[in-house]
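Only one structure is covered here, and it is reproduced in the block below.
The values are calculated or read from the model by the stated rules, or taken from the named source; none is laboratory data. In this text, all values refer to a predicted model and were calculated from it rather than measured experimentally. When we count neighbours, we look across all protein chains shown, and the Cβ atoms used for this are built from the backbone with ideal geometry, even at glycine. Ligands, DNA and RNA are stripped out before the accessible areas are found, and what is left, the full protein with its side chains, is counted by its heavy atoms. Shrake-Rupley method; radii C 1.70, N 1.55, O 1.52, S 1.80 Å.
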Amino acid sequence: MTNDLFDLDRAKCLKCGACVRDCAFRALRADADGYPSMAYPDRCMRCQHCLAVCPSAAIAFDGKRPDDSVPAGGLELPSAASVENWLRTRRSMRSFAKEDVDRATLDRVLRALGNSPTGCNARALTFNCLPDRASMDRFRQLFIKAIERHRDGQKLLPRWLAVPAIKLRNGGEDMFFRNAPGMLIVTSDETDKAVATPREDVTIACANFELLANANGIATCWCGFLNLVQKEVPELLEATVGIRRTTPFYAMLFGRAAVRYRRGVQRDGYAKVVYMDGAGAAD
Ligand SMILES: Cc1cc2nc3c(=O)[nH]c(=O)nc-3n(C[C@H](O)[C@H](O)[C@H](O)COP(=O)(O)O)c2cc1C
């Protein structure tokens, strides 16, 4: 049964019902002849679970053919130990080497990042990337100009912003961007009504960027400062990189590391773990 989105190869279909059972919003149903069809396209969130779950590769979705997918479990996955080791030893890098990140590696990381999950599968993320020192230096200059223009409009700046901004302008320490040779600004689309969780989507993409970048030898640092400064200077991103002031975003600094950490820090006791299997037992 062919629909614009859901294209079933009946010769391959086993009528096992796996796609129908896995459909989160029940957009698929098994017809009287046992074949699945897209009965309620309005409910479909285009997650492609049907394409992914089909044991006989019978389902193409929105023009995507199952044979073009990465095989699940067929390729090497990081072991539990290596993922845990990454989490225990990952560090926020604040000393970057002079060199730029190789563009092919960066491009592969950013393209893979499109697989980051988004609420209701909204997929409204944009990966705005300042990929090298030249673009970061231009950005820093525009950043300082935007702050100074704001201040010259008689708007008082808090000390935590004014003092490091002067340092940066004078060629001193770059507390905002840590002298990084690259920055990724992940944005969502506030004009798209289908986007349910814009802030979570951008933050999750940043977390995945950190993991993927680190795995490719690229060091990262979360750049919460950019959001803080934007709160004080709402025209900042518009004036520097043309991102609307209402657009949800989060940023990551990146580059090659200039510091090598020899061991992890120790935090196991810091997070509370609360098992709630007894919750509500008294009622
Ligand atoms: C949401 C978020 C925002 C952050 N913003 C900044 C920032 O603007 N500048 C900075 O140097 N570090 C920033 N950090 C890094 C934290 O300070 C850092 O994660 C923390 O000190 C622990 O160090 P670690 O990441 O090396 O384990 C941020 C971290 C997070 C999670």
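Structure data summary
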| read-out | value |
| --- | --- |
| Modelled FRET efficiency - R0 25 Å, Asp9 with Asn115, Cβ distances, 0.05 increments | 0.55 |
| Relative contact order for the chain, counting Cα pairs under 8 Å that sit 6 or more residues apart, in percent | 20 |
| Stretch gain in nm, segment Leu142-Ala258, where the contour uses 0.36 nm per residue and the Cα spacing is subtracted | 39.2 nm |
| Ordering of 215-222, 175-182 by packing [mean C-beta count within 10 Å, highest first] | 175-182, 215-222 |
| Under 10 Å, Cβ to Cβ, from Ala27 - net charge with Lys/Arg +1 and Asp/Glu -1 | +3 |
| Spread of Cα-to-Cα distances over 5 Å intervals beginning at zero, given as percent, for the chain | 1, 5, 10, 12, 12, 13, 12, 11, 9, 7, 5, 3, 1, 1, 0 |
| Net charge dipole size for region 135-283 [Lys, Arg +1 and Asp, Glu -1 on Cβ; Debye, nearest 20] | 800 |
| Value of relative contact order over region 6-68, rounded to a whole percent, pairs C-alpha under 8 Å and six or more apart | 38 |
| For region 1-56 versus region 240-283, the gap between their alpha-carbon centres in whole angstrom | 37 |
| On Cα atoms only, tilt of 80-89 relative to the major axis of the chain in degrees | 20 |
| For the chain: lysine pairs under 28 Å (alpha-carbon distance), excluding those fewer than 8 apart on one chain | 12 |
| Cleavage-rule hits, chymotrypsin sites (Phe, Trp or Tyr not before Pro), region 1-83, DSSP coil, Cβ neighbours within 10 Å at most 14 | Phe25 |
| Fraction of accessible area attributable to carbon and sulfur, the chain (%, probe 1.4 Å) | 52 |
| Heavy-atom surface of the chain, accessible at 1.4 Å and reported per residue (Å²) | 60 |
